[in-house]
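First up is the structure itself, then whatever we jot down about it.
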Amino acid sequence: MSPVEVLLLLALAAFFAGLGGSYLGIGGGVFLVPFMTLVLAVDIKRAIATSLIGVIATSSGAASVYVRDHLTNLRLAMFLEVATTIGAITGALVALLVPAVFLYVTFGAVVLYAAATMVRVRETAKERSYRGGEEEPPLVKRLSLNSVYFDQEDQAVYRYRVDRPGAGFGVSAAAGLFSGLLGVGGGFIKVPAMNILMRVPMKAAVATSNFMIGVTAAASAFIYYSQGLVDPSLAAMVIIGVFTGTNLGTRLLVRAKAANVRFVFAIFLAALGIAMAVRALGFSGVV
Amino acid sequence: MIAARAGIRLVQDRIAALRRAVVGEVEDTNRLIYHVLRGGVLVSVAVLLFGFILVGAKSAALPDHSVPPRSLIPQLVQFTPAGFLSLGVLVLIATPMVRVLLSLLSFAEDGDRTYVLMTGIVLVNLLISVFLLA
């Protein structure tokens, strides 16, 4: 492949990463890193660095719209970002030290996990709406994490309360670690955690996760940048592709049902995860 | 004379109205964050496109190494493609950081100490990442 062909293919992939990413509340990195390493033969650490840049672009592009439309829980995001940024810096430092084969194996496993969660998670906005009468956790009260959001689908305002802030904080730290280590946004960890564990409605969880992903990726992106691992041409194409994709993706989320896209995306991810694992085995001389 | 004064008065009123509109918008944190995130991405994309135009105009090779922050300005002065592509990437990385800073100011304005502390920790984390290996 000529350099120009590589760049055009990458822009196309980034377009789909931005489209799917903004739609599903993930950064799109779970898709970009395997694509760059397997199809475009980019070195995995450079692929991770480039993917992080794409994750920031997805997050900023999509989050801006969700914040404007009052889908995002800004307080919850701020609280969990304390955990994700610490995780991300740790992850990036680990990634710089470990051999590439470790990153391939971890990535393969994480992507397969992501595919599995994506099939399992359902739209649960209505089931997860406000339940009064129970005592709220003291931390939730102190941080006033409970919130409301407006659902365009049925033109209604949903009030919800947040459960298990401590567990959510821990999961977010892990999501941040994977973000810095593997160049992903970590939305596939945070969205189900917020939805199932903390009982945040799906759309608010997607919007809040998207919002946090940008800051999380920025924390590790600069570490990769300062190590000279960011290829500016690749990164530029990713930003431009993602920018176009998110513009379309955010328009889709406000109305549509994500179930079908989610299923296609999950199958796609499973294939990529297996391919990454095969590549890792090839590296260590087993295949 | 009176007409001139009335004219000045009209301009002053107009400026005051504009200022109120801007301040009114800024008071809504959500709107402000929207504009910062969106604006950051737009500026980044514009700078990157300019970088690619430079690649074409100078028929230079596509740069595959980013410019370290401290040698960015000389590269920009010389209009190198690597300089502008790196600047575009750095603008994008800085966008969420600026957003956190604005959140901090907005929580401070509300006198919300808990959230000032929390946002402060996030900001310190981001600064650590910037200065850790630089």
Over the stretch B:57-82, the set of residues closer than 22 Å to A:Val242 by Cβ and among the small types (Gly, Ala, Ser) is B:Ser66, B:Ala82
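When you go through B:Gly120, B:Gly40 one by one, which is the residue that is in contact (Cβ under 8 Å) with a residue 24 or more places away in the chain, among the small types (Gly, Ala, Ser) and surrounded by 15 or more Cβ atoms within 10 Å (Cβ to Cβ)?
Numbers: B:Gly120 fails: in contact (Cβ under 8 Å) with a residue 24 or more places away in the chain.
Residue meeting the stated conditions: B:Gly40.
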In the stretch A:183-218, anything surrounded by fewer than 24 Cβ atoms within 10 Å (Cβ to Cβ) and either basic (Lys, Arg) or in contact with a Gly (Cβ under 8 Å, 6 or more places away or on another chain) (or both) is listed as A:Leu197, A:Arg199
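Rundown of residues vs (1) facing another protein chain (nearest Cβ under 10 Å); (2) crowded, with 19+ Cβ neighbours inside 10 Å; (3) under 15 Å from the mean Cα position of the chain (by Cα), yes/no style:
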residue: B:Leu72; (1), (2), (3): no, no, no
residue: B:Val77; (1), (2), (3): no, no, no
residue: B:Leu87; (1), (2), (3): yes, yes, yes
residue: B:Leu92; (1), (2), (3): yes, yes, yes
residue: B:Met97; (1), (2), (3): yes, yes, yes
residue: B:Leu105; (1), (2), (3): no, no, no
residue: B:Asp112; (1), (2), (3): yes, no, no
residue: B:Tyr115; (1), (2), (3): yes, yes, no
residue: B:Phe131; (1), (2), (3): yes, no, no
Fill in: Residue in the stretch A:78-86 that is in a helix (DSSP H, G or I) and small (Gly, Ala, Ser) present
yes
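Considering only the stretch B:89-105, I want to know if a residue exists there that is of a type in the set (D, E, K, R) and without any contact (Cβ under 8 Å) to a residue 60 or more places away in the chain. Explain how you work it out, then say what you get.
Taking the stretch B:89-105 and keeping what is of a type in the set (D, E, K, R), we get B:99.
From what's left, without any contact (Cβ under 8 Å) to a residue 60 or more places away in the chain: none.
No, the conditions are met nowhere in the stretch B:89-105.
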With the first residue restricted to the stretch A:174-194 and required to be on the phi < 0 side of the Ramachandran plot, and the second required to be at pLDDT 85 or above and of a type in the set (Phe, Trp, Tyr), Cβ contacts under 8 Å at 6 or more apart or on different chains are A:Leu182/A:Phe107; A:Val184/A:Phe178; A:Ile189/A:Phe178
Of (1) within 30 Å of A:Leu145 (Cα to Cα); (2) β-branched (Val, Ile, Thr); (3) at pLDDT 90 or above, B:Thr80 satisfies every one except (1)
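Within the stretch A:60-73, which residues are within 7 Å of another protein chain (Cβ to nearest Cβ) and either part of a helix (DSSP H, G or I) or in contact with a Pro (Cβ under 9 Å, 6 or more places away or on another chain) (or both)? Working first, answer last.
Start the filter on the stretch A:60-73 by keeping residues that are within 7 Å of another protein chain (Cβ to nearest Cβ), which leaves A:60-61, A:63-64, A:67-68, A:70.
The answer is A:Ser60, A:Gly61, A:Ala63, A:Ser64, A:Val67, A:Arg68.
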By residue number, the members of the stretch B:40-66 that are under 30 Å from A:Glu81 (Cα atoms), facing another protein chain (nearest Cβ under 8 Å) and at pLDDT 90 or above are B:Gly40, B:Val41, B:Ser44, B:Val45, B:Leu48
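The values are calculated or read from the model by the stated rules, or taken from the named source; none is laboratory data. The model shown is predicted, which means the values in this text are computed figures rather than measured ones. All Cβ positions, even for glycine, are placed from backbone atoms using ideal geometry, and neighbour counts span all protein chains on display.
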